[in-house]
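Chemist: First the structure, then my questions, so here it is.
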Amino acid sequence: MKANPNVKSMDDILDNLYGKVGTPEREEFRKEAYAYCVGQMIYAARKSEKMTQNDLAQKVGTNKSYISRIEKGTIEPGVGFFFRVMDALGLKIEIVKPIG
């Protein structure tokens, strides 16, 4: 793959596509990208546990459709719901302060 000499960083690409950091367009992109990443993480963990969307939905008290929308990145779960999903999937969340 040949490098494009006009591109200096990923920020340059995102600036061109979605505007500078802090603009409404860039913030909307960030939210969509975050929701997609969270959804993919949940999807991979669910598959690893050999669990169906319906199984996960029953464990956390929702329906299959809601789990599907989260995994597709259509919606972003709230923090409380996210922790319930992580617990149902047997995952541990650690909040640590970076060294430095």
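The values are calculated or read from the model by the stated rules, or taken from the named source; none is laboratory data. Predicted, not measured: the structure shown is a model, and the values here were computed from it. Virtual Cβ from ideal backbone geometry, glycine too; neighbours counted across all protein chains shown.
Chemist: Looking for whichever is of a type in the set (A, V, I, L, M), over 30 Å from I67 (Cβ atoms) and in a helix (DSSP H, G or I) here; the options are I13, I42. Which one fits?
Modeler: I13
Chemist: Which of the numbered conditions does R84 fail, given that it passes all the others? Conditions: (1) under 17 Å from the mean Cα position of the chain (by Cα); (2) of a type in the set (D, E, K, R); (3) at pLDDT 95 or above; (4) exposed (fewer than 15 other Cβ atoms within 10 Å of the Cβ).
Modeler: It fails just one condition, (4).
Chemist: In addition: It is to be established whether one or more residues within the stretch 65-75 are in a loop (DSSP other than H, G, I, E, B), without any contact (Cβ under 8 Å) to a residue 12 or more places away in the chain and surrounded by 10 or more Cβ atoms within 10 Å (Cβ to Cβ).
Modeler: Looking for residues that are in a loop (DSSP other than H, G, I, E, B), without any contact (Cβ under 8 Å) to a residue 12 or more places away in the chain and surrounded by 10 or more Cβ atoms within 10 Å (Cβ to Cβ), one finds none in the stretch 65-75, hence no.
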